[in-house]
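Just so you know, all these numbers are worked out from the coordinates, no wet-lab data involved. Note that the structure is predicted; figures quoted are calculated from it, not measured. FYI the Cβ positions are ideal-geometry reconstructions off the backbone, even for glycines, and counts take in every protein chain you see.
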Amino acid sequence: MSYSPGYQIKQLQEICDNGIITNFSFSKNLYGTYTFKLSLTNQKIDGELTGIDFTKYKLNIVYKKSIEPYIYVTEPILVKRKHMHSDDRLCLYHKKEFKWSDKESIALKLIPWTIIWIYFYEMWLKTGIWYGDEYKH
């Protein structure tokens, strides 16, 4: 099944309704590129609260059906960089291991990966160790 931008929006609204994200809004420009804005709520990982304040994280997702979504943390400003592209978008996966297509769900795949990325980032700030997989950039 191919996910249209409208279906991506519907799924993002559903996870907002389920309390995973808040403050969800979107806009579309003349070129068909969508910008989704949202905030995270506090999350459990493996059923446990992490002690990390996910609510301070606000995201912008730039999406056009034919290209992979770009996910940016807009708040807080990330002064230390790890697993980020040169344009400040998050590096959530290695292109050799995962290929974005319109058969993928932003809400069901990339939002959970973003939550995990934030967890790893916060742990890296505390311990100096990145607990996820690492690839050379």
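Here are the numbers for this structure:
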{"quantity": "Theoretical ellipticity at 222 nm over the chain - DSSP helices of four or more residues, -39500 (n - 2.57) apiece, nearest 500", "calculated": "-7000 deg cm²/dmol"}
{"quantity": "Links that overshoot a 28 Å alpha carbon limit, given the list LYS10/LYS80; LYS28/LYS56; LYS10/LYS95; LYS28/LYS126; LYS58/LYS109; LYS64/LYS96", "calculated": "LYS10/LYS80; LYS28/LYS126"}
{"quantity": "Karplus 3J(HN,Hα) series, Hz, for region 120-126 with 6.51 cos²θ - 1.76 cosθ + 1.60 (x for Gly, Pro)", "calculated": "4, 4, 4, 5, 4, 4, 7"}
{"quantity": "For the chain, the longest site-free run once GluC sites (Glu not before Pro) in DSSP loop states with at most 12 other Cβ atoms within 10 Å are removed", "calculated": "1-96"}
{"quantity": "Calculated from backbone phi, Karplus (6.51, -1.76, 1.60) coupling profile of region 58-69 in Hz, x at Gly/Pro", "calculated": "10, 10, 10, 10, 9, 9, 9, 3, 8, 10, 5, x"}
{"quantity": "Pair LYS44, THR22: separation of 7 Å Cα→Cβ label points (nm)", "calculated": "1.9"}
{"quantity": "Added length on full extension, which subtracts the Cα-Cα distance from 0.36 nm per residue, TRP113 to LYS99", "calculated": "3.6 nm"}
{"quantity": "Volume of the Cα convex hull of the chain, divided per residue and given in Å³", "calculated": "125"}
